[in-house]
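Colleague: Below you will find the structure I want to go over with you.
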Amino acid sequence: MRSIGELARASGLTVSALRFYDAAGVLVPAWVDPVTGYRRYTDDQVAPAQLVAGLRRVGMPVAEIAQAVRAEPALVHRLLDTHLRRLEQGLADARREVSRLRSLLPADQPGITRLTLTGAALAAAVDAVRFAVGTDPTVPALTGVLFDVTNSGLELVATDRHRLAVATAEATVHGPAVRTLLPLDTVDALRHLLDASASASASAGADRVLVELTVSGSSLVADVAGQELRATALPYDFPDYHALLPRSGARPTRRVPVDAEWLVTALRAGGPTVVREYAGRSWPVTVLGLGPPDRLRLLGPDDLRDPDRPGLAAGADRAGADGTELRVGVNGEYLLDALDAAGGRHLTLELDSPLTPLTIRRPDDEGAFSILMPIRL
């Protein structure tokens, strides 16, 4: 049999905690010496003690811990689900109370903006735009990610002139609207910190990691679950990207649902391309044939010469030569990057004409999308 100290070391509970759970009837020793009062535990009590330690760490009430120790696994899962919902509600209540308290405090110093959001929301926004960051040293204003903070939240933007990606993240904002252009290495360091904090807080869930960003002039301080990252913004003006964004209320000529898995597989397998000359070089161009609803095909050189050819089609039959098909040329690698960043099985392509930008959207998140500039065919 094990002494109370041995069980403490095996379970992660302190000796005082084991005494408490004995008195509460949660984890009673197998035998107590009637003379010395020393508690003794069997090897079979190690696993229940480890369960108690874990439930204690996540803050489960003692009464529910007692119930879990004696319950079947299915009931323990239900108790955990109930407790997790309680924690989520408590966190939501705490965030609302913190926002209320901030509103009672004197205004921050002029020029300082603070925003609070979840690590999961920020990580998803970074992942949605990072692929579009420019790498051309002659255009340094495009070598970072724009953090555009408004009263309604945070918008991340990246572009290399050939493609543009936008993602939004819900945030509580205190202070004036501000735009700060963060270097790519800073964004990557922040993303790594988000992953590390999510792993360390796995018991609470990645979406429970809170991030506070403080922007003052050219400096930004990110507090990720108590870990701090300081950065200096790039000293360049990010271009006005709003002219490229889909106009509010305007509907594109085509909204084509896409089986993203099919399209990614086709592109990675070296789907058909056509060759076009630009700046003295030959470039492979991926040509999308966008036909009536639910019709998308990848076109090759012969398809462009003979519109009655079927091409490489997804879903329905070929669109045919009835004049309803839009043909759009894009950089296939850029399209693959955009599909990977969007994630999900089902995406939507939006297009107005062969010479207007192609928009890739996730149907479940209108605030996250990417835009590819077309290549003239």
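The values are calculated or read from the model by the stated rules, or taken from the named source; none is laboratory data. Computed from a prediction, not measured in an experiment: that's the story for all the values here. Here the Cβ positions follow ideal geometry from the backbone for every residue, glycine too, while neighbour counts run over all protein chains shown. Only protein heavy atoms, including side chains, enter the accessible area calculation; ligands, DNA and RNA are left aside. Shrake-Rupley method; radii C 1.70, N 1.55, O 1.52, S 1.80 Å.
Colleague: For Leu355, work out the one condition from (1) in contact with an Asp or Glu (Cβ under 7 Å, 6 or more places away or on another chain); (2) exposed (fewer than 15 other Cβ atoms within 10 Å of the Cβ) it doesn't fulfil.
Modeller: Condition not satisfied by Leu355: (1).
Colleague: So which residues in segment 323-351 are in contact (Cβ under 8 Å) with a residue 60 or more places away in the chain and in contact with a Leu (Cβ under 9 Å, 6 or more places away or on another chain)?
Modeller: Hits for segment 323-351 are Leu326, Asn331, Gly332, Tyr334, Leu335, Leu336, Ala338, Leu339, Leu347, Leu349, Glu350, Leu351.
Colleague: What number of residues within segment 254-302 satisfy the criterion of being open to solvent by less than 10 Å² (accessible area, probe 1.4 Å), assigned to a strand (DSSP E or B) and without any contact (Cβ under 8 Å) to a residue 40 or more places away in the chain?
Modeller: So the count comes out to 4.
Colleague: Follow-up question, since we're still on this one. Step by step: first the residues of segment 182-192, then only those that are open to solvent by 10 Å² or more (accessible area, probe 1.4 Å), under 24 Å from Thr150 (Cα atoms) and not charged (D, E, K, R), then the one that is farthest from the chain's Cα centre (by Cα). Which residue is that?
Modeller: By that ranking, first place goes to Pro183.
Colleague: Enumerate the pairs (first residue in segment 355-377 and over 26 Å from Leu304 (Cα atoms); second residue anywhere and open to solvent by 30 Å² or more (accessible area, probe 1.4 Å) and polar (S, T, N, Q)) with beta-carbon separation below 7 Å, excluding pairs fewer than 6 apart on the same chain, so at least 6 apart or on different chains.
Modeller: Gly367/Thr168; Ala368/Thr168
Colleague: Find the residue count for segment 166-181, including only residues that are in contact with a Phe, Trp or Tyr (Cβ under 8 Å, 6 or more places away or on another chain), under 15 Å from Asp127 (Cα atoms) and open to solvent by 10 Å² or more (accessible area, probe 1.4 Å).
Modeller: Matching residues across segment 166-181 total 0.
Colleague: Looking only at segment 113-164, count how many residues are under 18 Å from Glu366 (Cα atoms), among the β-branched types (Val, Ile, Thr) and open to solvent by 30 Å² or more (accessible area, probe 1.4 Å).
Modeller: 1
Colleague: Let me ask something else. Output the qualifying pairs, or none if there are none: Cβ atoms under 6 angstrom, residues six or more apart or on different chains, first residue in segment 105-122 and under 25 Å from Thr168 (Cα atoms), second residue at pLDDT below 75 and of a type outside the set (D, E, K, R).
Modeller: Ala120/Ala206
Colleague: Determine whether segment 99-112 contains at least one residue that is assigned to a helix (DSSP H, G or I) and modelled with pLDDT of 75 or more.
Modeller: Filtering segment 99-112 for residues assigned to a helix (DSSP H, G or I) gives 99-104.
Next cut, modelled with pLDDT of 75 or more only: 101.
For segment 99-112, residues assigned to a helix (DSSP H, G or I) and modelled with pLDDT of 75 or more: present.
Colleague: Take the conditions surrounded by 19 or more Cβ atoms within 10 Å (Cβ to Cβ) and of a type in the set (D, E, K, R) and apply them to Arg78. Does it pass? Break it down stepwise before answering.
Modeller: Working: surrounded by 19 or more Cβ atoms within 10 Å (Cβ to Cβ): no; of a type in the set (D, E, K, R): yes.
In short, no.
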